[in-house]
Amino acid sequence: MMFSCQKREDNSLPYYNTPDFTPQFLSKNEASEKITHHIDSFSFRDQDNKIITDKAVNHKIHVASFIFTSCGSICPTIIENLSVVDKKFKNDPNVLLLSFSVTPWIDNPQKLKDFKELHKINNPNWHFLTGNKGEIYKLARQSYFAEEDLGFTRDSTQFLHTEHIILADQDKKIRGIYNGTLQTDIQQLIKDIETLKKE
């Protein structure tokens, strides 16, 4: 299901304030008052063993995905599709891609680095992140609504595996959700990033 397509005639993107992804079409000023949800603070290590925090996405557009290096089902397709986004915005420092490992007890920085190299990803603005499992799962479910309202009620003991990709704006507010296995959704994601760049 692609929620991001529900737009006004002026092509502005909706805001999402709840895990059921009910779209709210608001001006930026209205959103600053009415949209209380935003991506929470975080601190994880990337493939280069550098600490990446939520400050890295301050005033930047970012795309969040949830993968693991040993995944043989949806993850390879998600990475392949995100590579299209990577190619489009590779030289844009204001667009970041964050891929959080959902098996952080296996995916240490070196594994993530090998994974990034295996997929020939050399964009310095695409970070593969690892850290505490509970913190990653909480961020995924409660900040990114990665499993929608179902995931919001789950705890960190239940395995997180989702094809959802989340788009967040320069104010860390959620502006789109996409199926990372579908090329049509990826093309929509690219268009929506371009829309956010103009806001």
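Maximal additional length on extending the Asn108-Asn91 stretch stands at 3.5 nm, based on 0.36 nm per residue less the C-alpha distance.
Which FRET efficiency value, to the nearest 0.05, is calculated for Thr77 and Gln24 with the Förster distance at 35 angstrom and r the Cβ-Cβ distance? Could you put the intermediate results ahead of the total?
Numbers: r = 30 Å, r/R0 = 0.87.
For R0 = 35 Å, the calculated efficiency reads 0.70.
Coupling constants for region 180-192 follow from the phi torsions by the Karplus curve (6.51 cos²θ - 1.76 cosθ + 1.60, θ = phi - 60°), and in residue order they are x, 8, 10, 5, 5, 5, 5, 5, 5, 4, 4, 4, 5 Hz; glycine and proline get x.
Values (1) 44, 43, 28; (2) 45, 36, 30; (3) 63, 43, 33 are given for comparison; Cα extents along the principal axes in Å, derived from the coordinates here, is the one labelled (2). Placing unit charges on the Cβ atoms of the charged side chains and taking the dipole of region 3-198 about its Cα centre, the candidate lying farthest along the positive direction among Val102, Thr195, Asn125 is Asn125. What does a probe at His161 reach in region 100-142, counting residues whose amide N is under 15 Å from the point 7 Å along Cα→Cβ? The answer is 102-104.
Of the trypsin sites (Lys or Arg not before Pro) in region 72-132, which ones lie in a loop per DSSP and count no more than 12 other C-beta atoms within 10 Å?
Details: sites: Lys87, Lys88, Lys90, Lys111, Lys113, Lys116, Lys120; in loops: Lys90, Lys120.
Passing both the DSSP loop test and the Cβ count: Lys120.
Exceedance of the 19 Å cut-off in Cα-Cα distance is limited, within the set Lys28/Lys55; Lys87/Lys116; Lys50/Lys138, to Lys28/Lys55; Lys50/Lys138.
Bear in mind that the values in this text are calculations on the coordinates, not laboratory data. Quantities reported herein were computed from a predicted structural model and do not represent experimental measurements. No Cβ is skipped: glycine too gets one built from the backbone with ideal geometry, and neighbour counts run over all protein chains shown.
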